[in-house]
1. In the stretch 170-213, what chymotrypsin sites (Phe, Trp or Tyr not before Pro) fall in a loop by DSSP, with at most 12 other Cβ atoms inside 10 Å?
2. For the stretch 328-445, what is the accessible area per residue in Å², given a 1.4 Å probe and the full set of protein chains?
3. Which percent of the accessible area of the chain is formed by carbon and sulfur heavy atoms (probe 1.4 angstrom)?
4. Straight distance only, please: which lysines reach the Cα of Lys567 with their own Cα at less than 27 Å, same-chain residues fewer than 8 apart left out?
5. Only sites in a loop by DSSP and with at most 15 other Cβ atoms within 10 Å count here; which trypsin sites (Lys or Arg not before Pro) in the stretch 418-488 make the cut?
6. Could you tell me how many degrees, from 0 to 90 and to the nearest 10, lie between the Cα long axis of helix 416-427 and the main elongation axis, the longest principal axis, of the Cα atoms of the chain?
7. Obtain the radius of gyration and the Kirkwood radius of the stretch 699-740 from its C-alpha atoms and give Rg over Rh.
8. If you line up the Cα atoms of the stretch 494-629 on their principal axes, what length do they span on each, largest first, in Å?
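The values are calculated or read from the model by the stated rules, or taken from the named source; none is laboratory data. The structure displayed is predicted, hence computed values, not measured ones. Neighbour counts are summed over all protein chains in view; Cβ atoms, including those assigned to glycine, are modelled from backbone coordinates with ideal geometry. Accessible surface areas use protein heavy atoms only, side chains included; no ligands, DNA or RNA. Shrake-Rupley method; radii C 1.70, N 1.55, O 1.52, S 1.80 Å.
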Amino acid sequence: MIAAAAVSGASYGYDKLYSYTVPQDMEQYVQKGVRITVPFGRGNQKKIALVMDISYSEDTETLCRFKPVISVEDKEPVLDGEMFELLCWLRSTTLCTYFEAFHTIIPSGMSLRISQKYSVVTPSKAPKSVQLDERENEIYKILCSSKLKRDVDGMLESFLGTSDKQYIKSLIDKGFITEINQVKQKVKNETVRMVRLSDEFLADEQAYNITRKQEIAVKFLKENNSASVKELCYICGFSSAAVSGMIKKGVLTDYEYENITVPKAEVKSNVADIVLSEEQQAAYDGISKLIDSGKPSASLLYGVTGSGKTLVFVKLIQHTIENGKNAILLIPEISLTPQIQQRFISLFGKIVSVVHSGLSLSQRLNEYKRIKSGDVRIVIGTRSAVFSPLSDIGLIIMDEEGERTYKSESSPKYHAREIAKKRCVTHNAALLMASATPSIESMRAAETGKYHLFTLKNRYSQNPLPDVEIIDLNQELRNGNNSVFSEKLAREMQYNLEHDQQSILLLNRRGFDTVLTCCDCHETESCPECSIPLTYHKANNRVMCHYCGYSRDFTGVCSKCGSKILKHSGYGTQKVEDELSLLFPQARILRMDADTTASRYAYDKNFKAFENGEYDIMIGTQMISKGLDFPKVTLVGVLSVDKALYAGDFRSYERTFSLITQVVGRCGRGEMRGRAYLQTYSPEHYVLNLAALQDYDSFYSEETALRKALIYPPFCDICTVTFSSIIDSRADEASKLFLKLMQEKFNALETKMPIRVIGPSRCVLEKIKGKYRYRIIIKCKNNAAFRSYIESVWLETFTLKEFARVITSLDINGEIGL
């Protein structure tokens, strides 16, 4: 048997299948999707590998060329047929490595780690015929003189970190030190020690002499087949030692049973009590027909904020469950999970599983096992939940489908929408994308007939959309107001406080001051690793970089010239919180940003407190802008939108429009009408005015016309090739050489394809985490031919010395603004 395996840790240029012979005693365990330990490279370093294929050969010459598998780590395949196929598809479409795709699909708690342990062979058992040189003998005597294992381990670790490493390896080869490789799962499986009657005992009970007390245990196990050791001790009045005695005697057999925790969940509501409006019913009827068709389909549900899209989701999921199928509901932000989780568990109970990055490793592993066991029918979660090992999928829903969080920024750089489409094709399921501000690409697909389109034009409660007013900050300055808040917004907040109504303020910048400038040397306090200013955080009196995480104490002194005169400009959520406290001392203020939501249960706790009326004003970043439903919120203030509007990405207008529309939609969802105020230095900008009118249709027409003229998605795809190095000139030269290779490969193509190349040029943020960055932007058609072409160029770079110290990465339809 020969196993073709993908090896962990391989870079893309060397990420291929390597062949290993399988020892006969392992053949019954080795199959596709199982992990094995293999020797890799000239030094035979122990690596975890994933078996991708099995073949057989009797050609001894061929077999002699392959190294043998060391051990098999899984009793059964980690990936089933669909997930195995998905791994291969993910690798080919996103140009990632096998193990990058593998670690994306499985929870990180299932990852395996190899640790090397050493033990010193005592002189009495050491090889007699093998000679040691002077230094080897000296090291061996030192190791033998230590009686405590931790001392031996410490010395071995010390020797391996010096030039004596070669002597340690020689002692291992000569048999004086034993090397033991331990493979451990990142998170240990939760198991329960179980017992049952042994086959030998059942075959001949008379051969065993058992006591009366043991007879009670035998009778109990005959009736119940098996029990945990703890249960048996409790029922029969045993001690654990007595159970061990029965095992030694051969009466019982013990084994480990994997324990899966089922969360407490009680059904408190009835889906039948939900009454849909005429618009909702029409959308439900149309989408449910697509679910029942048994064919893969894609639909777009375009509905204004507050139109009750979630109620349609609930009804559709219920319909899917009743038809014997399962469903996945994807949400863009972890901040949305508490409200969604609470609603769905109250309706469906224990068949709901919630998956997101806020769970601990063991919690995520437990949920993964629950889903795989078939106990779960509905999975709710953020982007990674699309990989849940759910069988018989009938429906996948993507709420707020245009959000950037559905696109992964690390390899594999996939979009959850593409994975959802792939799984819907596999399961003949329906994909439903929903939003008040659909992505331009999705609306274009609906407009051209690729997606089915359903619309909800009115709010479910029949409440009107909020009144939105644009505030000109230029005029505020002319009036002598240099505060964070315009006079009108301040008055409206005062009104809400007096009338027991709640307010939401959006500012997509955390921290206190966003820029610190020296008044003497005019230099900005910048991150030493990135080409961006440091942000001052008052809460811990530190200046921090929000890109690489660098931070240091704020001394109030210029780091360049030592001047104590620093100008603080810009503002973040911390400063807004401070100014609110000064302006409204009586107000109860809740700040929601990355600094205040670091703990696992912060979202649930804080949003519940706000919903219960424990706070008057909530200030936060974009995490508070979508999907939340607070009936007492009647006022929304967008403090600054100019930075998002002029971000430099071709999607900046779309994202600004979406952000404003979504956050404005958080108010006026109860009995009282909502008001919203947009503060800006560009009051005439058409995007802001259309957002104020909440006129998505007009915005879509303007944006598609602009993108068509400039050739941007949805009229093409974009592949960004980024080059980074600690030396500026190396990244620059590598980008130019890559362009030259592109030209050569393109000229050699038999069938030409339409592509347009922009660059190479410096990235907008030219330095991040100590590395200088350049990029090439390629306008193309993302198909197999283009991926094959660009992959061939990329693979050649791994053979060239000019790329030896340059990191090259590819991203299709990702961010290009930075």
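1. Of the chymotrypsin sites (Phe, Trp or Tyr not before Pro), not one in the loops of the stretch 170-213 has a Cβ with at most 12 other Cβ atoms within 10 Å.
2. Value for the stretch 328-445: 28 Å² per residue.
3. Reported share for carbon and sulfur atoms: 49 percent.
4. Lys567 reaches Lys538, Lys575, Lys643, Lys767, Lys769.
5. Lys450, Lys457
6. 60 degrees
7. 1.27
8. 51, 31, 21
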